[in-house]
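Coordinate-derived values only; no laboratory data. Since the model is a prediction, treat every value here as computed from it, not as a measurement. With ideal geometry, Cβ positions are generated from the backbone for all residues, glycine too; neighbour counts draw on all protein chains shown.
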Amino acid sequence: MAVNDISFELEPGITGLLGPNGAGKSTLLHMMAGLLEPSAGQVLVNGESSWKNAAMYGHIGLVPEREVTYPFLSAWEYALASARLHQLPQPEVAAQTAIDMVELGDAMHRKMRGYSKGMRQRAKIAAALVHDPDILILDEPFNGTDPRQRLQMNTMLKELGDSGRTIVFSSHILEDVEDLAEDVIVVIGGRLGAAGNFRQIRRLMTSRPHAFTIRSSNNRALAAALVDRPYVTLVSFDSDVMEVQTTDFGAFTESIAPLIRSSGVALQELQPADDSLESVFAYLVAR
Amino acid sequence: MNNVLISLTARQLLGRRRTLVIGLLLALPILIAVIYRFSDEAGSGEATGEFALGLVSVMIFTLLLPLVALVFGTASLGAEIEDGTAVFLLTKPIERWRIIAIKIGVASVAAALFVVPTTMATTWIIHESPTADGLMLGLGLGALVASVLYCAAFVALSAVTSRALIFGLIYVFVWETFATRIFDSLRWVSIREYAHGWSDAVISINDKGVFYDPHLGVTTAIVGTMVVLATACAGGTRALTRFEIGE
């Protein structure tokens, strides 16, 4: 996915890169990791271009979404290989520390071909952490993890973030980002949707207009009752379906049932028209 | 660092199924040599030398050796790029020339370990005294040079394109097998001809038969060898430096 006109700066701490699938999150992370060349503009890591800069990998750790583990290696061998390729003075100690951080000690001598996706994910993180990088880049790190692993990874990333490292991770799940990141960058369709404090962006998301489609025994009578409400901004008809737009999701959902009863109509169908994450992001981009 | 790269590449290359298939393929010329040895056709001196040269030239140098090198050369780096594990290596502070050099080295050693003994054993079985006229040593040397050069070319090719296997097959079976026979001047750009040039410097048989037909002298072969190695290392390093991850 091509990305356009995106500028931001990452500070120490945890930043979430949020966007639907195919929004360009991986493209951005790969550019940061020096695995894609920007056709315009530049990506700087610690003040140096990330493109064609192998020395940079001494300071960053990358956990790609794609499988990068050797099935014939154990997690221990994998972390140790990473430590040796980084030419660390005590590779065994570094590998053991990284394995302990991801809590993979019990299975560390088993071949990775027998691991679950979550275990391989943790092995990848151990290999990326082995040289204690200043910057950690994780592409969809929660994919394939169970709730316990997710909690454990959250705790680990929070500790790393609190210790002054710069951590950036991508996710298409709002709750993942909400749990972990203070700052968030929203990407949609290869463009920057929003960037800044997560709570502010979350407020924008919840205060956006919501649309519902309604089918009832008497749409016109129901529409007449709805247009009086201050939180209803638009009512439109399309054959036997009515679309209602509201600025207050809570007030609308609380009042719609009593309103239908008092109007004396029979409800046949009521469903949100734009509750997908994509539509939330599209709203942010349009603002 | 080098040891880790060598070990990872070797373990990746020498999978059980791959080595078994290659081992079985390379048993074929040995089997033919054994059948020839115990047949009425088996003679002595130049006649057997001619047969050895023909069998090794057609079956090993033209068919099996390039195939084995193609398998190891493209698997050494191309398979890692394909399955994503190359990212593990490329996100380490390692000079790209070192990765290319080690990939070429390991693939070459793996190919040579299979092909050179097969070549020498085939010659030894056919010929009564293969060392007398430099036959076994010359063909073994040619197989070694060809293993290294083909692997270098195919490793570099797999750094440049994801279709290295197809381009490799086209080079071996269209360029080297047909094009060089139609246009003599193309032999100057043929790894097989460079290998024959090295072999021919050692072999002292007068009648070499119709199948073994070297055209380049040893000096040209040495220069060609250096050019292939330098081009493969430089081209592979450049491609790896500019490596971009796929979607």
Relative contact order, percent, of chain A when contacts are C-alpha pairs under 8 Å separated by at least 6 residues? 22 percent
I'd like the trypsin sites (Lys or Arg not before Pro) in the range A:36-141 restricted to DSSP loop residues with at most 15 other Cβ atoms within 10 Å, sorted by number. A:LYS52, A:ARG66, A:ARG110
With a Förster radius of 60 Å, plug the Cβ-Cβ distance of A:ASP228 and B:ASN3 into 1/(1 + (r/R0)^6) and report the FRET value to the nearest 0.05. 0.15
Can you put B:PHE38, A:PHE142, B:PHE167 in order of Cβ neighbours within 10 angstrom, beginning with the fewest? B:PHE38, B:PHE167, A:PHE142
Magnitude of the Cβ-charge dipole of the range B:133-235, K/R +1 and D/E -1, about the Cα centre, nearest 20 debye? 320 debye
Determine, for each peptide in B:3-11, A:5-13, the mean count of other beta carbons within 10 angstrom over its residues, then list the peptides with the highest first. B:3-11, A:5-13
10 Å Cβ neighbours from other chains, averaged over peptide B:2-14: 3
Residues A:LEU157, B:LEU113 arranged by fewest to most Cβ contacts within 10 Å: B:LEU113, A:LEU157
Straight distance only, please: which lysines reach the Cα of A:LYS52 with their own Cα at less than 30 Å, same-chain residues fewer than 8 apart left out? A:LYS25, A:LYS124, B:LYS92, B:LYS103
Rounded, prolate or oblate for the range B:2-241? Axes are the square roots of the Cα gyration tensor eigenvalues, ordered a ≥ b ≥ c, and the cut-off for rounded is a/c under 1.5. prolate
Extending each Cα 7 Å along its Cβ direction at A:ASN4 and B:LEU31, get the distance between those two points in nm, one decimal. 6.2 nm
Packing-based exposure ordering (other Cβ within 10 Å, fewest first) of B:PHE243, B:PHE154, B:PHE61, A:PHE237: A:PHE237, B:PHE243, B:PHE61, B:PHE154
Using a ≥ b ≥ c from the Cα gyration tensor of chain A (square roots of the eigenvalues), is it rounded, prolate or oblate, where a/c under 1.5 gives rounded and otherwise the larger of a/b and b/c decides, a/b for prolate? prolate
Could you work out [θ]222 nm for the protein assembly as shown from helices alone, using -39500 (n - 2.57) per DSSP H run of at least four and dividing by all its residues? Round to the nearest 500 deg cm²/dmol. -16500 deg cm²/dmol
So if R0 is 35 Å, what FRET efficiency would A:PHE237 and A:MET205 give, r being the distance between their Cβ atoms, rounded to the nearest 0.05? 0.80
Prolate/oblate/rounded call for the protein assembly as shown, Cα gyration tensor, a/c under 1.5 rounded: prolate
